[in-house]
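Take a look at the structure below.
The values are calculated or read from the model by the stated rules, or taken from the named source; none is laboratory data. Owing to the predicted nature of the structure, the values given are computational and were not obtained by experimental measurement. As a convention, Cβ positions derive from the backbone with ideal geometry for all residues, glycine included, and neighbour counts pool all protein chains shown.
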Ligand SMILES: C[S@@+](CC[C@H](N)C(=O)[O-])C[C@H]1O[C@@H](n2cnc3c(N)ncnc32)[C@H](O)[C@@H]1O
C-alpha cells in the first residue's frame, strides 16, 4: 500500500527510523498512520520498529516494575527488564541514533532539537509508565531525557508520537512543498504570520488588502512585520532571542501590522 506523494524523491536506502520501546505496542503507529506521517511511512520515507517491553519481564507474569527503594507511591520500571528490551530495540541501529527517554524531567523539545533529530539516522525512544524508569538503566544506556512540555502524561507513548510527527514532516520528500516548513513558526525564530484564504469577505471580515495586491515583495514585507508583531505580543522571549540573533534592536514596540 505504497502511496505516491507529490515531489517525492526515491526513498533513501536506510530511511530515518524510530525504534520505540513501550508496554503498549498497540498504541503504534496510532495517529502516525494518518495524514502526512502515515503516507510517508507507507512510502518508506521513514520506518518504525516497536518493541514490546512485556516479554522481557521477569517471572511467570513477566513483571516489569517494582516499588521504589526508599518508599513512596507508585512503581518503577526495573533496570534488568529495560536493559534486555533496550538491547533488542537497539539491534542494528546506526551509531548516530539518538537514544532518548521521554520524561517530564528532560530537556524541552523545541524546533531546533527536532531539526537536530531529523539530521540523524533515527531515534530510539523509551516510553516510561508508572513513576518512571530506574535511574541506573538511564545512566547505563546513556539515554537523553526529553520532555514535550511542563505537564505530566500517564505514559511516554504520546510524547514519542509528538516527537516522531515533528521530525517526520522535516524529512526529505514528506511535505508536498519541500520549503513549506521554512515558513513555519520557530523555523526562523519567529511565530508565523496570520493566514487567510477564500472567501475574501467572510461575513464582513475581509482579507488584508495587501495580500490581494500580487506584489510579492510587499506581501513578504507585510508577513515579516506581522510575524514580528505577533511574536512580540505572544512570545516576547522568542522575539528577544530573534532580535539578538539578527543583531537588531526593537524599534517598533507597540506597532501593529498594517492591514
Ligand atoms: C506518570 S509519568 C511519570 C512522571 C514522573 N514520576 C515524574 O514526576 O517526573 C510516566 C511516564 O510518562 C512519560 N511522560 C510524562 N510526562 C511527560 C512529558 N511531559 N514529556 C515526555 N514524557 C512524559 C514518561 O515516559 C514517564 O516515565
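Structure values in brief
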item	result
Residue in segment 224-246 that is modelled with pLDDT under 95 and over 18 Å from residue 192 (Cα atoms) present	no
Test result for residue 74, over 17 Å from residue 16 (Cβ atoms) and surrounded by 15 or more Cβ atoms within 10 Å (Cβ to Cβ)	no
Filter result (within 21 Å of the chain's Cα centre (by Cα) and not in a loop (DSSP other than H, G, I, E, B)) within segment 124-137	124, 125, 126, 127
Of the criteria (1) within 16 Å of the ligand (Cβ to nearest atom); (2) exposed (fewer than 14 other Cβ atoms within 10 Å of the Cβ); (3) more than 24 Å from residue 45 (Cβ to Cβ), which one residue 134 fails	(2)
Identity of the residue in segment 138-149, over 11 Å from the mean Cα position of the chain (by Cα), within 16 Å of the ligand (Cβ to nearest atom) and assigned to a loop (DSSP other than H, G, I, E, B), that ends up nearest to residue 90 (Cα to Cα)	141
Residues of segment 102-131 that turn out to be within 11 Å of the ligand (Cβ to nearest atom) and on the phi > 0 side of the Ramachandran plot, as a count	1
Which numbered condition residue 226 fails, given (1) within 30 Å of residue 38 (Cα to Cα); (2) surrounded by 12 or more Cβ atoms within 10 Å (Cβ to Cβ)	(1)
